[in-house]
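These notes are about the structure you will find just below.
The values are calculated or read from the model by the stated rules, or taken from the named source; none is laboratory data. Note that the structure is predicted; figures quoted are calculated from it, not measured. All Cβ positions, even for glycine, are placed from backbone atoms using ideal geometry, and neighbour counts span all protein chains on display. Heavy atoms of the whole protein, side chains included, go into the accessibility calculation; ligands, DNA and RNA do not. Shrake-Rupley method; radii C 1.70, N 1.55, O 1.52, S 1.80 Å.
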Amino acid sequence: GDGTSDSLGLNAATSGGGYAVASHAYGESGAYTISEMLYDGAAAIDSISFSYENIFCATLPVKLYFDTDGDCVKEGYDPFLTQPVTVEVDSNGIPIDTLSATSGFYYSSNGNIGDVYAFKLISAPGNMTVSCPSSGIVYDTLTAGVFINPIRYFAMNCTSGTAFDLQVNATIPVTGIHDQWADIYLNNTYCEPVEGTLTLHYSPKYAGTPSQVDPTPLSMTGNSIVWDAGILSSTNSSPVHLHYQVNYGTTTLTIGDTVQSYFTVTPIVGDTDSVNNGCVIIDTVRAGCDPNEMWVSPSGCIAPDTAGNVLQYTINFTNVGNDTAYNIYVLDTLPANVVPNSLRIVTASNMMNVSSSFNGTNTVVKFDFPSINLQDSAACPQCNGGLVFTVRTVAGLPDGTALYNRASVYFDDNAPVVTNTVADILGGCTTGAATRKSADGKVSVFPNPATQLLHVVQTQSGFSRYAITNAVGQELGHGLLVPGSIGVLDISGLPSGLYYLICNGADGSYVTKFLKM
């Protein structure tokens, strides 16, 4: 198909049969038609033609580091970047992609031998800039027989200035009837060193004495904890990590109750963006959970945006084993209705490399934490890590579009730990198909009939438990609901037929029917 031919011989006369294996090297990727002809001497006695798609795939690694001594050489004492950057990718002079990373990324290229790829830094944190190469662009070339290219480096350094931008991100994996614990990550996106002070206002419903407060706080009064967060700078090797656990008092909390936590980092005067100096997290009390968890903001029923909604995903992972986890990575199959190259890293707890691939339907993103050496559960809070990223939905999605997401966390060579599924429904869940509304509006289920996932939407916020029964009242499953939000129930294991969903909680009991196909 490329205008060349190969020939080889086999002797079937002496052995009673025979075969030959031909190997042909294509210089370019593409779809080819291969024609094979079998000759007996000079006479063609048989032929066959078939199609073949040749794809040359290579991995192009790029790393980003803070060049401590300005020598443009990555030494062991030069920390990898922990602040997010945005990179534009072009192939043979044509922009083809945009990606976001912190410490580095592995770009998967499907091209032709000789193709030149350029990676151009188009945004950097604060007043940090590329010092080497001075152009702010690194180049790579696809080479025959090379499938993982050598690492290319961006050396980063600081320009002059005294600006700073402090920001706080928190993950709360556990909000239970006995306690709540969380990890807080602080950054300064500028080089200018600033001493930060973090204040946590946790829910007074946790009236007991806080525990596992790390590092030692400046004060604990009322329902507040104050820490001296130390010196914050974009040149830090990782975000400053703080941890706390607050406990119940004389009585446990009620399942389905809501609690609010507010985090703020100061100083605010002089901060270039004071909006990200604080974050509020409203959570629902649960009986138990897996600390390897994902959540999304906004969540549940959201109004569609003509330009696309920006969804922020947070993933927390915890080493609940009894040995150190040396390497951890997270795989996230992005929802089909998001724009993959709109993904932007907000923060990561440790050095993290990003790579992605397309599986024919969705983009799969790998967040890799090499040599993280996450301590075991006996050494918590040094057993926790996480990341936060945003991604934009496709513009103009119709009302009722559902976006589901969950991730798999891999601890060394162990089987993956799969997080919960989070869901967003565009359109407010009040218009569209009639099957999304129940007669009295207390609870709606959709789709109905359903095949794998059943959505439970509450218009009253008092239902915290559910059970599924068949027509004769036999219970086939049960679990917890988050009052006022969407529950996503996996019904794939149920046989086809009619079922009843029974919801219970502060609003009493409510029963509705659904059909499993």
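Values for this structure:
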item: Selection of GluC sites (Glu not before Pro), segment 1-79, meeting DSSP coil and at most 10 other Cβ within 10 Å; result: Glu75
item: Estimated FRET transfer efficiency (Ala395, Asp97; beta-carbon r; R0 25 Å; 0.05); result: 0.85
item: Exposure of Cys383 as accessible area (Å², to 10), given a probe of 1.4 Å and all protein chains; result: 0
item: Inter-site label distance for Asn470 and Thr129 at 7 Å from Cα along Cβ, in nm; result: 7.2
item: Förster-model FRET efficiency, 25 Å R0, Thr306 and Asn362, C-beta, rounded to 0.05; result: 0.60
item: Positive minus negative residues near Ala303 (Lys, Arg vs Asp, Glu; Cβ under 13 Å); result: -3
item: With all protein chains modelled, accessible area of Asp332 [1.4 Å, Å²]; result: 0
item: Additional length obtainable on full extension of the chain from Leu10 to Ser377, 0.36 nm per residue less Cα span; result: 125.7 nm
item: Point-to-point label distance, Val339-Ser492, nm (Cα→Cβ direction, 7 Å offset); result: 3.1
item: Solvent-accessible heavy-atom area per residue, rounded to whole Å², over the chain at 1.4 Å; result: 46
item: With DNA, RNA and ligands ignored, accessible area of Ile231 (1.4 Å probe; Å², nearest 10); result: 100
item: Label-zone membership for segment 374-403, site Asn322, 7 angstrom Cα→C-beta point, backbone N under 15 Å; result: 376-379
item: Proximal charge balance of Asn319 [Cβ under 12 Å; K/R count +1, D/E count -1]; result: -3
item: Calculated FRET efficiency for the pair Asp71/Ser297, C-beta based, R₀ 35 Å, to 0.05; result: 0.25
